[in-house]
Amino acid sequence: MEIFLANPRGFCAGVKRAIAVVNQALEKYGAPVYVLHEIVHNTHVVGSLADKGAVFVESLEDIPSGSVTIFSAHGVAKAVEDRAGELGLHTIDATCPLVSRVHRRVARLNKIDYDVLIIGHKHHPEVEGTYGRAHGKVHVLSSPEDIEQLDIVDPGKVGYVTQTTLSMDDAGRLIDQLKQKYPKIDIPDRTDICYATQNRQSAVRELAKKVDLFLVVGSKNSSNSNRLREVASNLGVRAYLIDTADEIDPAWLQSTQKIGITAGASAPEILVAKVVARLRGLGAARILEMEGTKESTRFALPVLPDFA
Ligand code: SF4
């Protein structure tokens, strides 16, 4: 059996930044530091930070007044920021700068009285945050049916944004449908689907031609990891999303010669190494790193304030 490692894979710049923000906050302020939602969607990352003293909550109301509170990489609605202020929380924003860029576009479109269309998964934290940045007409669209049913008062004043971690293929089809329905729709200067999502999906698309099984390392609630599994699966390759090496079922390897491995943007490389080690134990003899797009995107860390 041979293993082919997709490139690029694993952590993106936004995830590295968000994790570094929590680590630095723990160093500067001491434990506990509260984080609203999972800082990134990965069980291992969240567990490691919790071990150091980060407390993950789903509601601001669960955080004691005066506590240091970090907003996750997915971003939050303006109302959440405001509520945190009312509750006397000391907030730090770990929103990925590429998500913040989408927030700014939503605000700009609303400012010129456009309807904002958000293409994304309803109830995903990023989409809820982006929705909550609108101060005018806003709609979330997840399917062709949503677009069919959409009724805009002025079709000449409409623009769209997308969730950053969508499937490029699925989003492309929905955008084409929108362009047909609203020929004057305002189009972003560049796609909102981030560089990391695009690069990881392209790498899977290439590698899927060579392999007969694909393993995607990532947590079940990770949007971009799920999309990677779908990309491989849509190309006819058996594909599984696994959080850890323990989830590999040896039955998957029967009559398998070539295994592709990638990792979602929130999955650390240590988990990939453990998957490779387990597969070696199950008979994999050769490991090959694939060529891929080199990524140089880095995001500066925010300066952590001295809270009085
Ligand atoms: Fe930012 Fe993209 Fe990473 Fe999300 S996947 S944190 S948008 S770089």
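Tabulated values for the structure
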read-out	value
Index of the failed condition, Glu126 passing every other in (1) free of Cβ contacts under 8 Å to residues at least 60 places away in the same chain; (2) open to solvent by less than 30 Å² (accessible area, probe 1.4 Å)	(1)
Subset of region 167-187 [within 14 Å of the ligand (Cβ to nearest atom) and more than 18 Å from Arg9 (Cβ to Cβ)]	Ala171
Residue, surrounded by the most Cβ atoms within 10 Å (Cβ to Cβ), within region 172-203, restricted to residues that are among the aliphatic types (A, V, I, L, M) and under 17 Å from Leu98 (Cα atoms)	Ala196
Any chance Ala134 is part of a loop (DSSP other than H, G, I, E, B), open to solvent by less than 50 Å² (accessible area, probe 1.4 Å) and within 16 Å of the ligand (Cβ to nearest atom)	no
Sole residue being among the β-branched types (Val, Ile, Thr) and under 16 Å from the mean Cα position of the chain (by Cα), chosen from Val80, Val76, Val106	Val76
Answer residue from region 66-88, given it is crowded, with 21+ Cβ neighbours inside 10 Å and among the aliphatic types (A, V, I, L, M) and is farthest from the ligand (Cβ to nearest atom) among those	Val68
Spans of strands (runs of 3 or more DSSP E) in region 197-308 with at least 1 residues under 25 Å from Ser72 (Cα atoms)	213-217, 238-242, 258-263
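The values are calculated or read from the model by the stated rules, or taken from the named source; none is laboratory data. Worth saying up front: this structure is predicted, and the values here are computed from it rather than measured. FYI the Cβ positions are ideal-geometry reconstructions off the backbone, even for glycines, and counts take in every protein chain you see. All accessible areas refer to the heavy atoms of the entire protein, side chains included, with ligands and DNA or RNA removed. Shrake-Rupley method; radii C 1.70, N 1.55, O 1.52, S 1.80 Å.
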